[in-house]
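Read-outs throughout are calculated quantities, based only on the coordinates presented, and are distinct from any laboratory measurement. Given the structure is predicted, the values throughout are model-derived calculations rather than measurements. All Cβ positions, even for glycine, are placed from backbone atoms using ideal geometry, and neighbour counts span all protein chains on display.
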Amino acid sequence: MDKWFSLQATSSAEDVLDHVKSLLTHRTFSLNNPNRVRALIGAFTSNNPAAFHAADGSGYAFLVEMLTELNTRNPQVASQMIEPLIRLKRYDVPRQRLMRAALEQLKALKNLSGDLFEKISKALADA
């Protein structure tokens, strides 16, 4: 199933983000299963750059939503999942702004884990 989730997340279809969101309710997917999280969310954010870095920022907003939830469920997995978002210096200025805004939104979480706080703070300081 993990391979199947990864294949779905790396699709070049225009509506891939909507499809990924719908798979969050798939009967075999659980945010409590780190392998499934990496297979679906991780594959989308790391292996589907066209969709994740969409000019409208929808990929970043999706990751913020997922990291907000994972921050309380499994902070270590959340810390791994943030990697594509903290590499903002590699992208054009409009995407850097969107990524920075996403990081600021995460940094404002009241219950932000130490691991996420450290990575976010470093990325914002370096940018």
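Count neighbours as other Cβ atoms within 10 Å of each site's Cβ, and list the chymotrypsin sites (Phe, Trp or Tyr not before Pro) in region 14-118 that are DSSP loop with at most 15 such neighbours.
Values: sites: Phe29, Phe44, Phe52, Tyr60, Phe62, Tyr91, Phe117; in loops: Phe29, Tyr91.
Loop-located and lightly packed - Tyr91.
If R₀ is 30 angstrom, what is the calculated FRET efficiency for the pair Trp4 and Asp115, using the beta carbon separation as r and rounding to 0.05? Can you show the working numbers first?
Numbers: r = 29 Å, r/R0 = 0.97.
That gives a FRET efficiency of 0.55.
Between Ser11 and Asn32, what length in nm is gained on full extension when 0.36 nm per residue of separation is reduced by their alpha carbon distance?
5.2 nm
Given the Cα-Cα distance of Ser58 and Glu104 and 0.36 nm per residue of separation, how much length would full extension add, in nm?
That works out to 15.0 nm of additional length.
With a cut-off of 8 Å between alpha carbons and a minimum separation of six or more residues, what is the relative contact order of region 2-126 in percent?
Details: 132 pairs, mean separation 26.6, N = 125.
21 percent.
For region 52-60, just list the computed ³J(HN,Hα) in residue order, Karplus coefficients 6.51, -1.76 and 1.60, θ = phi - 60°, integers in Hz, with x standing in for Gly and Pro.
The phi angles translate into 5, 9, 4, 4, 7, x, 4, x, 5 Hz.
Which whole number of Å³ per residue matches the convex hull of the alpha-carbon atoms in the chain? Write out the running numbers ahead of the final one.
Numbers: hull volume 11.3 nm³, N = 127.
Each residue corresponds to 89 Å³ of Cα convex hull volume.
Sort largest first and round to whole Å: the equivalent ellipsoid semi-axes of region 56-127, each the square root of five times a Cα gyration tensor eigenvalue. Don't skip to the answer; put the middle values down first.
On the way: eigenvalues 71, 32, 19 Å².
Semi-axes (√(5λ), whole Å): 19, 13, 10.
Considering only the other residues whose Cβ falls under 15 Å of the Cβ of Ser22, what net charge follows from Lys and Arg at +1 and Asp and Glu at -1? Could you put the intermediate results ahead of the total?
Numbers: positive: Lys21, Arg27, Arg36; negative: Glu14, Asp15, Asp18, Glu65.
The answer is -1.
Treating only the Cβ of Lys, Arg, Asp and Glu as charged (+1, +1, -1, -1), what charge dipole size does region 2-126 show about its Cα centre? Round to the nearest 20 debye.
Numbers: 16 positive and 13 negative charges, 57 e Å.
With only Lys, Arg, Asp and Glu charged at Cβ, the dipole is about 280 debye.
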